Amino acid sequence: MKILVTGTAGFIGSHLALRLLQRGDEVVGLDNINDYYDQNVKYGRLQRAGIIDSLKEGKDIPYGKLLSSKLYPNYKFIKLNLEDKEAMFELFKTQKFDAVCNLAAQAGVRYSLTNPDAYMYSNIIGFLNILEACRHHEVKNLSYASSSSVYGSNTKLPFSTSDSVDHPISLYAASKKSNELMAHTYSHLFGIKTTGLRFFTVYGPWGRPDMALFLFTKAALEGKAIDVFNNGEMLRDFTYINDIVEGVVRVIDNPADFYKVYNIGNNNPVKLMDFIEAIENKLGIEIEKNFLPLQAGDVPETYADVSDLVEDLGYKPQTPIQEGIDKFVDWYLEFFKVKVS
């Protein structure tokens with residue numbers, strides 16, 4: 001299968017591209033490599049896939065040019081903005097994809113409070129261009145990233161895809177809910193099989209520097225305090241990256257008959273303080289903590305009902321939290337060349 005994966009300099013997209021390549025698919029990766037967080041991590045992901053030879057080379061990646069991987073013969077990468085409709089249509093026209101998995105988006109709840117325009121351009125206009133490109137170039141298999149954030153202030157637990165998601169509490173969440181509505185419209189009007197993936201707090205090696213695990217690990221190694229919101233009374237359905245990728249692959253292989261949305265979460269919420277303790281266990285460091293109130297746009301608990309995923313695709317995430325954190329910390333120490341005394 002020839003698959004376009006957007007967001008392949010990103011966390012989930014980089015892992016997904018490698019998984020698809022390793023099983024023999026042909027992959028075209030796309031990313032605009034923006035500076036929302038440390039670009040060296042993004043360059044490192046591209047280096048891992050053979051697109052560039054060094055982090056320094058990442059700064060010179062040309063816009064709009066397909067680059068071939070030196071490690072994977074079936075992998076090409078293009079630096080492109082989803083908002084660039086003309087270039088997107090040209091890519092679809094020349095590459096003739098069998099399936100598309102759209103993981104490119106402006107992420108982050110708190111960032112959406114101060115930079116709302118970024119979410120409109122990437123998550124709304126960009127996703128519209130994906131839908132239009134699929135429509136006009138006969139791509140009938142589209143999967144895309146949604147988020148557990150769409151559940152907003154919902155207090156019914158666990159979160160089910162049958163629950164109402166009409167009351168988002170951040171612009172990021174609103175943009176993801178909009179994606180689901182847009183996808184439903186294109187499934188209805190144009191017969192595109194669309195599947196939304198509501199991810200629940202993904203973590204693991206090559207993770208995002210703006211996420212808690214990365215921030216906490218960095219602070220611990222530098223001897224700094226961490227901010228613990230809601231006074232530590234948070235629960236998150238932390239989901240290991242390999243479990244996420246397995247779920248996405250199964251969705252790509254088994255497209256919805258019409259329109260579908262799945263939760264992909266660990267189905268086992270973890271207390272934030274237990275999450276921090278697992279980092280401390282791995283590093284052998286007690287982390288100083290600043291306890292703060294709940295932040296605007298945040299929710300106190302997430303908990304995924306994954307019964308649809310189990311019933312339809314025979315799959316349920318299962319990596320234990322300590323195992324996942326251990327693997328992340330091992331990667332972090334190697335990538336940043338940190339030695340723990």
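The values are calculated or read from the model by the stated rules, or taken from the named source; none is laboratory data. All of these numbers come straight from a predicted model, not from anything done at the bench. Ideal geometry is used to build each Cβ from the backbone, glycine not excepted, and the neighbour counts take in all protein chains shown. These area figures cover heavy atoms from the full protein model, side chains too; ligands, DNA and RNA do not enter into them. Shrake-Rupley method; radii C 1.70, N 1.55, O 1.52, S 1.80 Å.
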- Taking region 50-86 and keeping residues in contact (Cβ under 8 Å) with a residue 24 or more places away in the chain and not in a loop (DSSP other than H, G, I, E, B) leaves 58, 75, 76, 77, 78, 79, 85
- Message: Tally up the residues in region 163-194 that are under 25 Å from residue 270 (Cβ atoms), out of contact with any helix residue (DSSP H, G or I) (no Cβ under 7 Å at 6 or more places or on another chain) and at pLDDT 95 or above, please.
- Response: 0
- Message: Just the residues that are in contact with a helix residue (DSSP H, G or I) (Cβ under 6 Å, 6 or more places away or on another chain) and open to solvent by 20 Å² or more (accessible area, probe 1.4 Å), please, taken from region 140-160.
- Response: 149
- Does any residue of region 205-223 turn out to be assigned to a strand (DSSP E or B) and open to solvent by 10 Å² or more (accessible area, probe 1.4 Å)? no
- Check residue 310 against each of (1) among the β-branched types (Val, Ile, Thr); (2) part of a loop (DSSP other than H, G, I, E, B); (3) surrounded by fewer than 19 Cβ atoms within 10 Å (Cβ to Cβ) and name the one condition it does not meet. (2)
- Item | Enumeration of residues in region 273-306 that are in contact (Cβ under 8 Å) with a residue 60 or more places away in the chain, open to solvent by less than 60 Å² (accessible area, probe 1.4 Å) and either of a type in the set (Asp, Glu) or part of a helix (DSSP H, G or I) (or both) | 275, 276, 279, 280, 283, 298, 301, 305
- Read through the list (1) closer than 29 Å to residue 253 by Cα; (2) in contact with a Pro (Cβ under 6 Å, 6 or more places away or on another chain), then give the number of the only condition that residue 160 fails. (2)
- Unique match (being under 30 Å from residue 148 (Cα atoms) and surrounded by fewer than 14 Cβ atoms within 10 Å (Cβ to Cβ)) among 53, 38, 31: 38
- Residue by residue through region 96-113, note down the ones that are surrounded by fewer than 17 Cβ atoms within 10 Å (Cβ to Cβ) and over 24 Å from residue 202 (Cβ atoms). 96, 98
- Query: What's the number of the condition residue 187 fails, among (1) closer than 29 Å to residue 340 by Cα; (2) open to solvent by less than 40 Å² (accessible area, probe 1.4 Å)?
  - Reply: (1)
- Message: Quick check on my filter: what residues within region 236-263 are open to solvent by 40 Å² or more (accessible area, probe 1.4 Å) and either of a type in the set (Phe, Trp, Tyr) or in a helix (DSSP H, G or I) (or both)?
- Response: 242, 250, 253, 258, 259
- Query: For residue 47, all conditions in the list (1) under 22 Å from residue 126 (Cβ atoms); (2) without any contact (Cβ under 8 Å) to a residue 40 or more places away in the chain; (3) crowded, with 16+ Cβ neighbours inside 10 Å; (4) not hydrophobic (A, V, I, L, M, F, W, C) hold save one; what is the number of the exception?
  - Reply: (1)
- Message: Every residue in region 206-236 that is over 13 Å from the mean Cα position of the chain (by Cα) and within 24 Å of residue 315 (Cβ to Cβ), please.
- Response: 213, 235, 236
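Conditions tested, residue by residue: (1) modelled with pLDDT of 95 or more; (2) in contact with a His (Cβ under 6 Å, 6 or more places away or on another chain).
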| position | (1), (2) |
| --- | --- |
| 234 | no, no |
| 253 | yes, no |
| 259 | yes, yes |
| 263 | yes, no |
| 267 | no, no |
| 282 | yes, no |
| 289 | yes, no |
| 294 | no, no |
| 298 | no, no |
- Could you pull out every one of the helices (runs of 4 or more DSSP H) wholly within region 93-183 that has 3 or more residues that are in contact (Cβ under 8 Å) with a residue 40 or more places away in the chain, within 27 Å of residue 26 (Cα to Cα) and of a type outside the set (Ser, Thr, Tyr)? 126-136
